[in-house]
1. Take the residues of region 98-138 that are under 16 Å from Ser17 (Cα atoms) and of a type in the set (Asp, Glu): which is modelled with the lowest pLDDT?
2. Looking at Ala57, Ala32, Ala10, Ala67, can you tell me which residue is surrounded by fewer than 19 Cβ atoms within 10 Å (Cβ to Cβ), in contact with a strand residue (DSSP E or B) (Cβ under 7 Å, 6 or more places away or on another chain) and without any contact (Cβ under 8 Å) to a residue 24 or more places away in the chain?
3. Of the residues in region 110-138, how many are within 22 Å of Ala70 (Cα to Cα), in contact with a strand residue (DSSP E or B) (Cβ under 9 Å, 6 or more places away or on another chain) and not in a strand (DSSP E or B)?
4. Kindly provide the set of residues from region 37-54 that are outside any loop (DSSP other than H, G, I, E, B) and surrounded by fewer than 20 Cβ atoms within 10 Å (Cβ to Cβ), ordered by number.
Amino acid sequence: MDTQHVNNSATIRRLLSTPGRWAVVGLTNNPARVAPSIARFLRDELSMQIIPVSLGAEIVMGEPGFAKLAGIPGPIDVVDCFVNSSKVGDIVDQAIAVGAQAVWLQLGVIDEAAARRAKDAGLDVVMDTCPKIEYPFR
């Protein structure tokens, strides 16, 4: 499976145009990281609910954080992954386990095996791109 077979434009359009709950893995208060600016874009421009997920489970953008996806109450529509490609497989497995509807692996985050597991489990998969890049093309 390669990125071009994963990134379906209709799926991207639907994910970005349907308000939902996005668990943003790797979201911290560190302004030097890209995750906070993308999370703000999702929240402020696309009306997504943002749920911070990081090992420190810190409060980010006024929202309580969680250390793992399993700790998040209620449904998760999209798990947005700002983690190293070598670590994203575990996050994808957590997304499958909690019944998330989709996983979005950010620009530069590529794990073909994890993408296949997610697809096989019925999740929508977007890999190696960013919502802010894709949004103008919906």
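1. Glu134
2. Working: Ala32 fails: in contact with a strand residue (DSSP E or B) (Cβ under 7 Å, 6 or more places away or on another chain); Ala10 fails: in contact with a strand residue (DSSP E or B) (Cβ under 7 Å, 6 or more places away or on another chain); Ala67 fails: in contact with a strand residue (DSSP E or B) (Cβ under 7 Å, 6 or more places away or on another chain).
One residue alone meets the criteria, Ala57.
3. Matching residues across region 110-138 total 7.
4. Step one: list which residues in region 37-54 are outside any loop (DSSP other than H, G, I, E, B), which gives 37-46, 49-53.
If the condition is that a residue be outside any loop (DSSP other than H, G, I, E, B) and surrounded by fewer than 20 Cβ atoms within 10 Å (Cβ to Cβ), then Ser37, Arg40, Phe41, Arg43, Asp44, Glu45, Leu46, Gln49 are the ones that fit.
Let's see how each residue does on (1) more than 13 Å from the chain's Cα centre (by Cα); (2) more than 26 Å from Ser9 (Cα to Cα):
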residue	(1), (2)
Gly62	yes, yes
Leu107	no, no
Ala115	no, no
Tyr135	yes, no
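The values are calculated or read from the model by the stated rules, or taken from the named source; none is laboratory data. As the structure is a prediction and not an experimental result, all values here were calculated from the model. Cβ atoms come from the backbone with ideal geometry, glycine included; neighbour counts cover every protein chain shown.
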